[in-house]
Structure formats: structure tokens, C-alpha cells
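The values are calculated or read from the model by the stated rules, or taken from the named source; none is laboratory data. Nothing here was measured: the structure is a model prediction, and the numbers come from that model. Cβ coordinates were reconstructed from backbone atoms using ideal geometry, including for glycine residues, and neighbour counts include every protein chain displayed. The accessibility values were calculated without ligands, DNA or RNA, using every heavy atom of the protein model including side chains. Shrake-Rupley method; radii C 1.70, N 1.55, O 1.52, S 1.80 Å.
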Amino acid sequence: GATQDLKGVEFSWQQSFSKLPAPFDAFGVNANATFVNGSCQFVLLNPATLQPLTVTEDFVPNQAKRVYNAQLYWEKYGFSARVAVNFTDTYVRDVGGIVDNVINDAATRWDAAVSYQLTKHLPVYVEGKNLTNEVKSWYNGRPGRPEEWEHVGWTGLGGVKWRF
């Protein structure tokens, strides 16, 4: 429930290298970068007086100011392989926590996927997420006051899909 002012820009690039000689003609890349700037105004409860207090901040809750994504892929002969990296900058996740705003740490995550199209309707696949075991963490006001530190590890899955 805040009044927000949000401005930003996103740059995106997608390129297939189909004009290269085989087997490099199956490579491609996707990349984007998002830059956001904003402010918000919200009402908090003043802990000293228990009265409403209007606060203006130079951020928008749950919105990182910088986000980068990049993906390299190879697709040919029914095979598909992808490696992707995602960077999300720090951002305020909760306003007015126990002592101060709750801030998510910056994180860089790597994912990968491989699939093969057995038939027109039947692909098999293997995927891995957070392959570098990036920790998910946030703190209250400053890094010396951690609220949570999650080591969730990597996730893998695989299987067969049916496509109509």
C-alpha cells in the first residue's frame, strides 16, 4: 500500500548464429539488462508515539534497481542445450521491519537444461537450477543484522513430457 513512482529501461538482445558453419550454426544467445529507479511514499506506525508516520524512500519495495540475464543455447537435430545466468541486485523486500527495512542480498544464479525430442510429441529432458548453490539471504537494515540465510542448494529434475 504505497504511492510509487517508477522509471526504468530494459535492454534486450537475441541472436542466432545460423550463418556460422556447422556445428556452430546451432548456437544462439539471449541477454537483457534492466535498470530501474524509483521512489515510494508509505505510512508506518511510529514506535515512539504509536501514531501514523508518512515516510518517503528512494526505492520501490520488491524491485531491484539492476537485473541482468544471459543465456547461451545450442539447438539442432532435436537436441536443445541451454546455460543461463541471472543476477538480481539488492532490494528492499519489507518496509519498516523490526529495526529497519529488510533487504535482500544480491544473488547470481546459474541454471542449465538439456532436452532431446524423441518424437513430435515426446521430449525427454534434464534441468538443473541454482547449480552454484547460491545462498538466499536478507538482513534488517545492515548486513550485520541477518534475518535469514537459506542454503537451499541446487535442484535437478528430469523426465519425459507429452506435448499435444
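Computed quantities for the displayed model
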{"quantity": "Filter result for Arg93 (open to solvent by 60 Å² or more (accessible area, probe 1.4 Å), basic (Lys, Arg) and at pLDDT 95 or above)", "calculated": "no"}
{"quantity": "Test: residue in segment 67-90 that is of a type in the set (Val, Ile, Thr) and modelled with pLDDT under 90", "calculated": "no"}
{"quantity": "Residues of segment 45-75 satisfying the condition of being closer than 30 Å to Tyr125 by Cα, crowded, with 16+ Cβ neighbours inside 10 Å and of a type in the set (A, V, I, L, M, F, W, C)", "calculated": "Val67, Trp74"}
{"quantity": "Hits in segment 39-87 - residues which are among the charged types (D, E, K, R) and within 27 Å of Ser12 (Cα to Cα)", "calculated": "Asp58, Lys65, Arg66, Glu75, Lys76, Arg82"}
{"quantity": "Verdict on Thr108 being under 20 Å from Asn86 (Cβ atoms), of a type in the set (Val, Ile, Thr) and open to solvent by less than 70 Å² (accessible area, probe 1.4 Å)", "calculated": "yes"}
